[in-house]
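Data first, discussion second: the structure below is written as structure tokens.
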Amino acid sequence: MRIIPWGDLSAVVLNAQDAIFGQTFDGDIASWNAGAERLFGYTAGEAVGQPAFMLAADPDSWDLTSIIERLRRGESTPPYEDEFRHKDGSTLPATVAISPVMVSGEAIGISQVVRRGVISSAPDNSLSLSKLESEREELRHQLLHLARLGAMAQMSTALAHELYQPLTAIVAYLTSARRLMNRGQTTLSEADLLMIAMDRAIEQASRADQIIRHLRFFVADQPDERQLSSIRETILNVNDLVLIVAKEADVRIELNLEDDAQVLINRVQIQQALLNLMRNAVEAMAGGTRRQLSVFTSSADGNIVVTIADSGPGLSPEIADQLFTPFKTTKPDGMGVGLSICQTIIVAHGGDLWLDPSATNGATFRFKLPIVE
């Protein structure tokens, strides 16, 4: 399998076939993908920061006041038809889907998806709307899958090293065993050494097999199905992967999973959120003198609460206020969609994800999921 070396999912949105652009509530264009460049003729540099009404076929009639008020309340709007204007002045009939950009339950902006052509000419308008919704869900599924592939791509060096160790050990143990066997008759002590070598080779092979099994499960393009799962088992499976990068970064992981619960989840997606949060914590402690990642569970008000705490430098209030805003990042090579994806996954499961403002040492993230009795 070829892993796509993308660190984040913004590349998927930026290169989508449909025109997708973000807009502030003040009416300015905030983001602009390749599909928008093709449809409207403006480059991202020309469009971002400009008023969105420049795209209207008739700017004087561009009035989204009623729609914006609904979006501010976090309400969705059905797709509608409108006419836009290309950079060269030509008119573009199109179907528009507008939705709010939600962060921590608050609408912070507008997302517009524009597809050339109108849907009213279709034999069955409701069927076209259903198709659009189906395509959006399929795109969301693909985005989450590509995020997992991107995470594995970023961890590829550490994963290769982790697999190299048991494979090298297997070769060494079997080589020693072969040398003993080549002597012909072996003494009792040599037979014991032979058994020890074979047992350790089997142990190392099992270790490599466990790593590969977790990887295959994590990156598989599985359907969005939910099942009752133990939150403890879910965390432990992710921990096996995080231990690989933690070892490379000299980070100690402490688990306290005494509180367990059954939750109705898509296991791969919840593990995806956990992996992102735990990897972020490991990266935040780079260069620190004390490097400890703590993961523990507790129950409250019918929910299981998972806490991920690091001993890093923590986050400034300015950064904390924008943590879940898409495309906002503190990493020099980051794209700023990891935490927003985590939040999307948790909220879709009926839970919530937040940064604990009371933490004094490092950063502490918590998320909760409903317990199934």
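The values are calculated or read from the model by the stated rules, or taken from the named source; none is laboratory data. Being a predicted model, the structure only gives us computed values, none of them experimental. Quick reminder, even Gly has a Cβ in these numbers, built from the backbone with ideal geometry, and neighbours come from all protein chains shown. Surface areas here come from the heavy atoms of the whole protein model, side chains and all, with no ligands, DNA or RNA. Shrake-Rupley method; radii C 1.70, N 1.55, O 1.52, S 1.80 Å.
Ile68 fulfils the conditions (1) open to solvent by less than 40 Å² (accessible area, probe 1.4 Å); (2) free of Cβ contacts under 8 Å to residues at least 24 places away in the same chain except for a single criterion, (2). Asn256 satisfies every condition listed in (1) under 18 Å from Gln343 (Cβ atoms); (2) surrounded by fewer than 16 Cβ atoms within 10 Å (Cβ to Cβ); (3) of a type outside the set (Lys, Arg) except (1). In the set (1) open to solvent by less than 40 Å² (accessible area, probe 1.4 Å); (2) outside any helix (DSSP H, G or I); (3) of a type outside the set (Gly, Ala, Ser), the condition left unmet by Thr289 is number (1).
Checked against (1) part of a loop (DSSP other than H, G, I, E, B); (2) modelled with pLDDT under 75; (3) surrounded by 13 or more Cβ atoms within 10 Å (Cβ to Cβ), Glu225 passes all but condition (3).
Quick check: is even one residue across the range 90-97 of a type outside the set (A, V, I, L, M, F, W, C), open to solvent by 20 Å² or more (accessible area, probe 1.4 Å) and touching a Lys or Arg at 6+ places or on another chain (Cβ under 8 Å)? Yes: one or more hits. Sub-6 Å Cβ pairs linking a first residue in the range 99-120 that is of a type in the set (D, E, K, R) to a second residue that is assigned to a loop (DSSP other than H, G, I, E, B) and modelled with pLDDT of 75 or more, at least 6 apart or interchain, are Arg115/Asp18, ordered by first then second residue.
Note on the range 237-259: residues that are in contact with a strand residue (DSSP E or B) (Cβ under 6 Å, 6 or more places away or on another chain) and outside any helix (DSSP H, G or I) total 8. Applying the criterion of being at pLDDT 85 or above and open to solvent by 40 Å² or more (accessible area, probe 1.4 Å) to the residues of the range 343-354, the residue that is nearest to Val263 (Cα to Cα) is Gly350. The set of residues from the range 281-308 being in contact with a Phe, Trp or Tyr (Cβ under 8 Å, 6 or more places away or on another chain) and either over 20 Å from Ile244 (Cβ atoms) or not hydrophobic (A, V, I, L, M, F, W, C) (or both) comprises Val305, Val306, Thr307.
Any residue that is under 19 Å from the mean Cα position of the chain (by Cα), assigned to a loop (DSSP other than H, G, I, E, B) and at pLDDT below 80 - is there at least one of those in the range 305-316? Talk me through it step by step, then tell me what you get.
Within the range 305-316, the subset under 19 Å from the mean Cα position of the chain (by Cα) is 306-309.
The next check asks that each one be assigned to a loop (DSSP other than H, G, I, E, B); those that pass are none.
Looking for residues that are under 19 Å from the mean Cα position of the chain (by Cα), assigned to a loop (DSSP other than H, G, I, E, B) and at pLDDT below 80, one finds none in the range 305-316, hence no.
Here the range 300-324 is the region considered, the condition is being touching a residue at least 12 places away in the same chain (Cβ under 8 Å) and small (Gly, Ala, Ser), and the residue that is surrounded by the most Cβ atoms within 10 Å (Cβ to Cβ) is Gly312. Of the candidates Thr234, Thr297, the single residue that is in a strand (DSSP E or B) and open to solvent by less than 30 Å² (accessible area, probe 1.4 Å) is Thr297. Every condition in (1) over 26 Å from Leu323 (Cβ atoms); (2) of a type in the set (D, E, K, R); (3) modelled with pLDDT of 85 or more is met by Arg252 except one, and the failing one is (1).
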